[in-house]
Amino acid sequence: METRLDELDLRLVEMLQNDSSVPSVQIAKALQISEGTVRNRIHRLRRLGVIRKFTVVVDPTALGQNMVAFVLVNAAPGRLSEVAKRLASLDIVSGVYETHTYADLLLKLRVKNSSDLADAVASRIKTIGGVAGTQVVSVLNTWKDQC
């Protein structure tokens with residue numbers, strides 16, 4: 001079912017994406033609507049699933065996660081869903097994407113350094129039942145990362 005959003009909904013979502021801590025009264029003033037309308041729209045957007053949750057975005061390097069890597073994972077036949085769910089539960093994995101190119105899954109990892117990356121792949125990823133193979137792509141520079 002496609003959710004119909006009007007221009008006001010889109011502007012409200014954009015403001016919340018930029019900074020969800022902005023008070024409703026400030027959003028209302030910027031959008032030239034009442035605070036009640038802002039709260040009602042947010043409630044509706046949450047109910048519709050457009051807004052899933054409000055959260056905090058932290059700088060991973062401030063937490064010691066200085067390295068980003070992508071891992072291509074091949075799953076054993078018939079085990080893709082199981083493998084994907086198990087990989088998604090790992091704290092070092094910030095994204096799990098199903099692909100149909102060079103591998104079945106693409107993982108985004110954040111780790112402290114290359115030693116931790118090697119350890120994570122060897123002891124935490126390759127040991128999951130159903131993982132048939134991996135290839136690691138280390139990131140040298142990040143030009144844009146909004147997640």
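Every number here is computed from the coordinates shown, using simple stated rules; none is lab data. Everything quoted here is computed from the prediction, not taken from an experiment. Note: ideal-geometry Cβ built from the backbone for every residue, glycine included; neighbour counts use all protein chains shown.
Tabulated data for the structure shown
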quantity: Matching residues, segment 1-51, being part of a helix (DSSP H, G or I) and charged (D, E, K, R); calculated: Glu7, Asp9, Arg11, Glu14, Lys29, Glu35, Arg39, Arg41, Arg44, Arg46, Arg47
quantity: Hits in segment 53-71 - residues which are touching a residue at least 24 places away in the same chain (Cβ under 8 Å) and either in contact with a Pro (Cβ under 6 Å, 6 or more places away or on another chain) or polar (S, T, N, Q) (or both); calculated: Thr55, Gln65, Asn66
quantity: Within segment 119-147, considering residues that are in a helix (DSSP H, G or I) and not polar (S, T, N, Q), the one farthest from Glu98 (Cα to Cα); calculated: Asp119
quantity: In segment 100-122, the residues that are free of Cβ contacts under 8 Å to residues at least 24 places away in the same chain and either surrounded by 16 or more Cβ atoms within 10 Å (Cβ to Cβ) or closer than 25 Å to Gly78 by Cβ (or both); calculated: His100, Thr101, Ala122
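This table checks each residue for (1) under 30 Å from Asp6 (Cα atoms); (2) in contact with a strand residue (DSSP E or B) (Cβ under 9 Å, 6 or more places away or on another chain); (3) charged (D, E, K, R).
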{"site": "Ala30", "(1), (2), (3)": "yes, no, no"}
{"site": "Val93", "(1), (2), (3)": "no, yes, no"}
{"site": "Arg110", "(1), (2), (3)": "no, yes, yes"}
{"site": "Ala122", "(1), (2), (3)": "no, no, no"}
